[in-house]
2 protein chains.
Amino acid sequence: MGTTDLRARFKLWLSSDSAEGVFGDGKWRLLAAIAEEGSLRAAAESLGISYRKAWGDIKKAEANLDTALVEKHHGGRTGGSTKLTPVGQAWLDAYSAFRSEIEDAATSAYSRHIAPVVETR
Amino acid sequence: MGTTDLRARFKLWLSSDSAEGVFGDGKWRLLAAIAEEGSLRAAAESLGISYRKAWGDIKKAEANLDTALVEKHHGGRTGGSTKLTPVGQAWLDAYSAFRSEIEDAATSAYSRHIAPVVETR
């Protein structure tokens, strides 16, 4: 039937009156990768995007949210590091909790509303 | 600041191991419009899509779900009508309830997780 392994998928983002994509799953993954890797270059690599795109996305997010999300530390031979600012960490934590709740709701709503329709077939 | 009017937005769909877009917001809107308008042509028009695309989307959804979602009634001078089958109506109702719960969860999760980060700025 091809529907026995169905599952809910979603894409999540925040919009404002003036901008459609203020912050969303993509920029959240980038912040998480920076926190994990400690460097923008390693974060970009882990996500399979270019350094240039990663840096552009951070700049866009910072402009949209009107706040600094990362701080660069230029360090000699190692090429420096990138860390989240306290505000960047607060956004990462908040969006992670926000997204996780919606993921749980989607799984639960799927079981109660979609699964019964699939199963009657 | 540009972030005072932020809100949660999402796109929702169902995927399986073999297909990424089995059914989702677009096809749900199309079923809802058919139920509302009683005709595929009027439904397509109300959504600003071509009759050809609407019909293609219905055929794809029916193939993906392996069930008939609509039935056409060919009628003389009026050009006929398109109605949802009982299974089509069950999918419309189920997906509407499913989507509505996730919308509520997104609003609630936004208030508890994102709004506080926006407000501290």
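The values are calculated or read from the model by the stated rules, or taken from the named source; none is laboratory data. Not measured: the values here are computed from a predicted model. Here the Cβ positions follow ideal geometry from the backbone for every residue, glycine too, while neighbour counts run over all protein chains shown. Heavy atoms of the whole protein, side chains included, go into the accessibility calculation; ligands, DNA and RNA do not. Shrake-Rupley method; radii C 1.70, N 1.55, O 1.52, S 1.80 Å.
Details
- In region B:34-84, the C-alpha radius of gyration followed by the widest Cα-Cα span (Dmax) gives 10.8, 33 angstrom.
- Shown in residue order for region A:97-102 are the 3J(HN,Hα) couplings computed by the Karplus curve 6.51 cos²θ - 1.76 cosθ + 1.60 at θ = phi - 60°: 5, 4, 5, 5, 5, 6 Hz (x for Gly and Pro).
- Mean-position separation - Cα centroids, region A:25-49 and region B:96-114, in angstrom: 27
- Residue of A:A35, A:A106, A:A54 that the Gaussian network model of chain A assigns the largest fluctuation, springs spanning Cα pairs under 10 Å: A:A106
- Overall shape of chain B was characterised from the C-alpha gyration tensor. The equivalent ellipsoid obtained from it has semi-axes of 35, 17, 12 Å, in decreasing order.
- Crossing angle, helix A:25-37 versus chain A [Cα axis fit, 0-90 degrees, rounded to tens]: 50
- Here B:T120 and B:S50 are evaluated by their C-beta separation; at R0 = 51 Å the FRET efficiency comes out at 0.60.
- On the protein assembly as shown, 50 percent of the accessible area sits on carbon and sulfur atoms, based on a 1.4 Å probe.
- Rounded to the nearest 10 degrees, the angle from helix A:51-65 to the longest Cα principal axis of chain A is 80 degrees.
- B:S18/A:D93 FRET efficiency (R0 41 Å; Cβ-Cβ; nearest 0.05): 0.70
- For A:T107, the solvent-accessible surface computed with a 1.4 Å probe is close to 90 Å², ligands and nucleic acids excluded.
- The lysines whose alpha-carbon is closer than 29 Å to the alpha-carbon of B:K60, local same-chain residues fewer than 8 away aside, are A:K11, B:K11, B:K27, B:K72, B:K83.
- Rg/Rh for the protein assembly as shown, where both radii come from Cα atoms and Rh is the Kirkwood radius: 1.08
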